[in-house]
């Protein structure tokens, strides 16, 4: 089927959505854009012209545009501070809603979104596109295979000197709230385990061009005794990691090292004696479903598939709130300098 959709928020991020919808094989012909909404009408008009969208409704009032177009879907690409109201408005108009991350501005707001979606009988999901890249899904499959034994720890380094300008440079807790949620969600997905507690130290290093919280170090406890160590900075110049971070993942039999791009090095200990055991390489399997490795396009396609099939999407709000809970628990720990239990 072809879905009709309105996009709310026509800033730079909307270009990625519109490009995927128009050009990616997973999505081509599946969604018809019938409206664009932005607080600045000229921004929405420029985006419509850029993508050749004619005969659509353009406006600054989301309520009015949804009432006029009656779309199947609302794509929520607004800034995080506006998300709660936009999602509520979309669900009230009977739309299925796919939101940019983070899911909500507070855990309470996230719970309210879940309740609203359930009451409306509609799907609300979140764009956690990092879990839909090949490397993350390959690691999940390797861990599920048992080749590394039982998972004991994940270690992750994210160091990127990112000069965005705009709202990010004014946000509180900018690394944890706007970027780390991708990495935390990926860790939760790879581990296949729920987080239970965290201790976090957050700071804004000397020379930072961000207003608050451009760096963080966090130790997460997961179920089954798994530990996840996160070290990150958005103002680390000179030696950028991948946007997907650099990872070391340890099991009872061996270790996987991933550079966040194309390089995987998985080894397991072999029988022997002496202080250190010899290691043998193991293959990191290909993803089980290649269609789920196209990042943003795969998130949208999976969202559409779920609606058509009457099932929850992989990044449904009632699951994604667990990743949001990791972020807010880390922020709370950073404020209190205490270990914080994670509860959804």
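Before moving on, here are some points about what is shown:
- Checking residue 172 against (1) modelled with pLDDT of 90 or more; (2) crowded, with 18+ Cβ neighbours inside 10 Å; (3) under 19 Å from residue 102 (Cα atoms), the condition it does not meet: (2)
- Residue within the range 191-206 that is closer than 20 Å to residue 343 by Cβ and part of a helix (DSSP H, G or I) present: yes
- Cross-chain or 6+ apart pairs with Cβ under 9 Å, the range 239-261 first and on the phi < 0 side of the Ramachandran plot and free of Cβ contacts under 8 Å to residues at least 40 places away in the same chain, then in a loop (DSSP other than H, G, I, E, B) and surrounded by fewer than 15 Cβ atoms within 10 Å (Cβ to Cβ): 242/261; 257/263
- Residue 224 meets the conditions (1) surrounded by 15 or more Cβ atoms within 10 Å (Cβ to Cβ); (2) on the phi > 0 side of the Ramachandran plot; (3) not in a loop (DSSP other than H, G, I, E, B) in every case but one. The failed one is (1).
- In the set 48, 64, 42, only one residue is touching a residue at least 12 places away in the same chain (Cβ under 8 Å), part of a helix (DSSP H, G or I) and either touching a helix residue (DSSP H, G or I) at 6+ places or on another chain (Cβ under 8 Å) or not assigned by TED's automatic domain parsing to the domain that holds residue 182 (or both); that residue is 48.
- Taken over the range 188-208, residues that are touching a strand residue (DSSP E or B) at 6+ places or on another chain (Cβ under 9 Å) and without any contact (Cβ under 8 Å) to a residue 60 or more places away in the chain amount to 9.
- From the list 268, 284, the one residue that fits, being in contact (Cβ under 8 Å) with a residue 60 or more places away in the chain, touching a strand residue (DSSP E or B) at 6+ places or on another chain (Cβ under 6 Å), in the same structural domain as residue 222 (by TED's automatic domain parsing) and part of a loop (DSSP other than H, G, I, E, B), is 284.
- Within the range 112-130, tally of residues that are more than 15 Å from the chain's Cα centre (by Cα) and either modelled with pLDDT under 95 or surrounded by fewer than 17 Cβ atoms within 10 Å (Cβ to Cβ) (or both): 5
- Candidates are the residues of the range 73-103 that are in contact with a strand residue (DSSP E or B) (Cβ under 9 Å, 6 or more places away or on another chain) and in a loop (DSSP other than H, G, I, E, B); the one that is surrounded by the fewest Cβ atoms within 10 Å (Cβ to Cβ) is 93.
- Residues (farther than 15 Å from residue 113 by Cβ, in a loop (DSSP other than H, G, I, E, B) and more than 14 Å from the chain's Cα centre (by Cα)) located in the range 294-344: 310, 311, 337, 338, 339, 342, 343
- Residue in the range 140-152 that is touching a strand residue (DSSP E or B) at 6+ places or on another chain (Cβ under 9 Å), assigned to a strand (DSSP E or B), in contact (Cβ under 8 Å) with a residue 40 or more places away in the chain and assigned by TED's automatic domain parsing to the domain that holds residue 283 present: yes
- Scanning the range 313-344 for residues that are over 19 Å from residue 222 (Cα atoms) and touching a helix residue (DSSP H, G or I) at 6+ places or on another chain (Cβ under 6 Å), we see that the one that is surrounded by the most Cβ atoms within 10 Å (Cβ to Cβ) is 317.
- Filter result for residue 218 (more than 21 Å from residue 152 (Cα to Cα), buried (at least 17 other Cβ atoms within 10 Å of the Cβ) and in the same structural domain as residue 181 (by TED's automatic domain parsing)): no
- In this structure, residue 37 does not qualify as modelled with pLDDT of 95 or more, surrounded by 22 or more Cβ atoms within 10 Å (Cβ to Cβ) and out of contact with any helix residue (DSSP H, G or I) (no Cβ under 8 Å at 6 or more places or on another chain).
The values are calculated or read from the model by the stated rules, or taken from the named source; none is laboratory data. Quantities reported herein were computed from a predicted structural model and do not represent experimental measurements. Cβ: placed from backbone, ideal geometry, glycine included. Neighbour counts: every protein chain shown.
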